[in-house]
Each structure stands twice: as structure tokens, then as C-alpha cells.
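Read-outs throughout are calculated quantities, based only on the coordinates presented, and are distinct from any laboratory measurement. Since we're looking at a predicted model, the values are computed, not measured. Every residue, glycine among them, receives a Cβ derived from its backbone with ideal geometry; neighbour counts consider all protein chains shown.
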Amino acid sequence: IPIEQLSDLVDELPPALQPPQPLPSVVILGRPNVGKSTLFNKLVGRRQAIVGDEPGITRDRHYGVVEWLGRSFELVDTGGIVPDEEAIIPANIFKQASRAIEEADLLLWVVDAREGITPLDEEIARHIHTTGKPVFVVANKVESAQVRTAAGEFYRFGFDRLFPVSAEHGTGTAELLDEILAVTNAPATAVRPSERIRVAVIGRPNVGKSSLVNAILGEERVIVSPIPGTTRDAIDTDLIHNGRPFTLIDTAGIRRKGRTTAMAEKLSVIMARKALARTDVAILLLDAVEGPTHLDEVIAGYALESGTSILIALNKWDLIKKDAHTASLYERQLRERVKFLDYAPAVFVSALTGQRVTRLLDLAARAYDARYRRIPTGELNRFFAEYLETPRATLPTNKPVKVHYVTQARSVPPTFVLFTNTTEKLHFSYVRYVENRLRENFDFFATPLRIVSRPRT
Ligand code: GDP
Ligand code: GDP
């Protein structure tokens, strides 16, 4: 089937007719710190594990489903199964993750191309050979031509395929995904948005997170059940708003006596990051009186990185003296500070008076729908032909690029692949332009879009 018809076919097949084929299993392994969980998150498309250096944060998620070009496979991160301290003995990796490795259709051996080959890598390679499984070597942290060249040394272990990537920046991952699909015979994706709209309220201390959650719960009379949070401090509540099921995640946490400001601030960041990992839509709450602060920017940065849909809510609006220009003045100030979240709409709310608090849920539902939206390839290409003609697709060198066709490779977040006549990257201004047109035309409300370009083969 030509690629341009693939996702149309998937869109048209009713879910019941889609074969209940088991998903192929792809298993990530490698020594600690090479970027396994970063790669896992990038490929799964949402932050399912927490990467970083806060001690005490457990990596409880190591299993996800990856969707690409209308097909899916299961991805397992053995780094989530074998703790770092134990993984420095390679035999432990193969013992503790033996089941995942036995069931694997393909192994992704992640190595750190910047550091090069280490004794631990040599030992892991020996173990991998004994499994007899197909192996892709994923040379991570390739962010310069020099490191790309150096990565070639990993061919020495005799595995056929090597993919230079940067899991952090997402470069090289499209090629990797293409090849994973090619070797694993991954089936077409069944349509399956998650049942509940998960909304997390994140923000620094005292912006009014718990007040907002209480205000929403006070307005919503159809509370299904308050359920204990899956993380230690966050509280999840299920509710129904306008006929749609939500889970509201409160990250305000338990207030403990004697907590210093610095501790509370740090905790607010940790809680935000944990919540983002399992959220469809984040409500980034700011204090309208104090205006955006540095800590707000830090939290906004994590929200951006997580790929969730984002609403910005300016709280305590009741305290602001207003005239006809106040809202636009505040919005302009906000956009200056968090330029990078330009797709996130701003809403002025008051947890105290309840002004617009339930409107946040309506907007969250709209963002959620955008997140899971699939645009059929035919429609997408008609739109491209009409509005996104070739002349704008210029490279930095001003050589015209021809976009042959475009397809939506996945949702969550919506990702589009532009097949062009060149291996060179598209100019960022063109990518921006495409993003904005897609967002307007197909109502990708409050949702980040990813645009990937590939030479047509
Ligand atoms: P794991 O122990 O193999 O799961 O590794 P992590 O995913 O936790 O990453 C280890 C460290 O490497 C973290 O500090 C990441 O931010 C960093 N890292 C991961 N991928 C990349 C990458 O592509 N480029 C760079 N420069 N750093 C990365
Ligand atoms: P959290 O730490 O982010 O959960 O913030 P809280 O919900 O505990 O609120 C911090 C303080 O701001 C409390 O004194 C609240 O009463 C107050 N507050 C919260 N929302 C509003 C609001 O919309 N208007 C006003 N005037 N005060 C608010």
C-alpha cells in the first residue's frame, strides 16, 4: 500500500474490524545514563517516566505503546525494570529483564555516542549476541557532526544497523521509527483515545491550585468518586462535566508545617513534572497580581517539554482593578515572559469567586479532542495543495523545496510528516507557518504539533 493511503485506510476501518493482532514488542536496553528513558519518552510521545536528577523519584512507568504512520508497537524500557545500581552488572539486566527480552521482537541497544565504547558496553554486547534477537544499535546524544562520525565505532560489535539519534532533541527518531515498523511487522493502530480527560493543575506555591480545584469541584455536582492519588501527594478526583468524564489532578500536595519556601517551591516543580507524565491537559496556573515569575517559567518549560496540551490560567483576577484594556495588557506581559507557549490560550479566572473556573474544563475538553484528532491524508493533502504551496517552503539556501505529500503519522501529540524532494531540513519559519495553518484550520487547540520532514523515497 502506498504510504499516502495508509492512514486513510486506518481512519476508515471501524474499530471492530481492525484485527486484534498482538503488538510487536520492542525492548530498550543499555547501561545506565545513556538516555534510555529519554528515548522511551520521546518515542511514546508523552512523559511516562520522569527523567532527571531529583533523587527519590521512582521510574514507575516502563511500558508504552508507540504509534507511527498509522501502525503501533509496544515499547519496554528495561531501565524501568532494572535499577541503575544493579544495571552496572550487565548479567543483572539480562536476568531481571529476561522475560521482556525473551518476548522481544527487536532489541534497541542504546549507547552514548559522546562517551564512546565503555567496558560495560562490551559486556552488554556479548550478552545481546547470545539472545539471537534482531538488534538496532541506537547511538544517542548525537548533536554534532563530530559525534556522528565517532558513533561509527559501535559498528565494531557486528550488529547491522546503527541509528545516530538525539533522544533529547528528537533528531533521528523518525528514521528509527520507520525501520522499527519495517522489521517488526507492526499492525495498524486501533482508534482508542483514553476514556477520561486527565487534567492537572500545576503551578508554584500559593498561586491558588487547591483553591481552583476546590472551586471546580464545588461547581460540579456530579462527582463520581474522589480517588486516592497514584502518586504520594497528588490527589485525583473523577468528575463529569457536560457529559464528559474527567480526572482532575491536584498537585498542591499536603501542606506540612515547617516546610520552607525553597522546599515548597522545589516540591511544586517535582509535583508538576510527575503530574505532567500522566496528563492530557495541563492548566498552568499563575498569580495575576504577582505576574509571571522565574519559577512560573521553569514550570512552563517542563509543560512544554512534556508535549501535553496547555491552558494558562491567570488566577486571582478578582483582585485586579480592571478597565477595558486590562486583560490585553496582562496577556501581552504574559506572552513576553513565556514566548515559547504561544499555542496555549490564556484565561482569566478567580478561584475565589468561581469566575470562569468551569470554562477551564470546556477548554480542556476541546484541547483533549485536538490531541487525539486524526486528519485523513486525503483531506490533509487537499489542504496543503490549496494553502501551503511550494514557494514558501524555502531552505536557508533559498533553494525551493517541493512538498510531495503530507501525512499525519500519529496523534498525542499530533505529528505530521512532510515528504519532500530533499534531505535538508525545512526552514524553521516554514515549519512555524505550517504549524500555525494546521492549528487554525483543524482546530488543534492548545496543543503542540510536531512537524517532521523526510525525503520521499
Ligand atoms: P537512562 O539511565 O539510560 O534511562 O538515561 P536517562 O534517559 O535518564 O538520561 C541520562 C542523562 O542523559 C539525563 O541527564 C538526560 O537528560 C541525558 N540525555 C538523554 N538523552 C540525551 C540526548 O539525546 N542528548 C543529551 N545531550 N543528553 C541526553
Ligand atoms: P496553592 O499553594 O497553589 O494550592 O494555593 P492556595 O489554593 O492555597 O491559595 C493560596 C492563597 O491564595 C490562599 O490564601 C487563597 O485563599 C488565595 N487565593 C486563591 N485563589 C484566589 C483567588 O482567585 N482570589 C483571591 N483573592 N485569592 C485567592
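Numbers at a glance
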item: Segment 60-212: proportion of alpha-carbon pairs further apart than 28 angstrom, %; result: 31 percent
item: Cβ-based net charge around Pro119, under 15 Å, with every Lys or Arg adding one and every Asp or Glu removing one; result: -3
item: Radius of gyration, Dmax [segment 232-332; alpha carbons; angstrom]; result: 15.3, 44
item: Cβ-placed point charges (K, R +1; D, E -1), dipole of segment 316-359 about Cα centre in debye, nearest 20; result: 40 debye
item: Efficiency of FRET between Ile320 and Thr293 - r from beta-carbon atoms, R0 25 angstrom, step 0.05; result: 0.90
item: Mean projection area, nm², convex hull over Cα of segment 412-451; result: 3.0 nm²
item: Cα-based convex hull volume of segment 103-162 per residue, rounded to whole Å³; result: 77 Å³
item: Gain upon complete extension [Asn206, Arg359; 0.36 nm per residue less C-alpha separation]; result: 52.9 nm
item: Which of Thr358, Thr279 has the fewest Cβ neighbours within 10 Å, and the rest in rising order; result: Thr358, Thr279
item: Förster-model FRET efficiency, 30 Å R0, Val183 and Ala91, C-beta, rounded to 0.05; result: 0.65
item: Links that overshoot a 25 Å alpha carbon limit, given the list Lys266/Lys321; Lys209/Lys339; Lys36/Lys274; result: Lys266/Lys321
item: Distance-filtered residues of segment 72-92 - backbone nitrogen under 11 Å, label point 7 angstrom along His127 Cα→Cβ; result: 79, 82-83, 86-92
item: Net charge contributed by nearby residues that have their C-beta within less than 14 Å of Val165 (K/R +1, D/E -1); result: 0
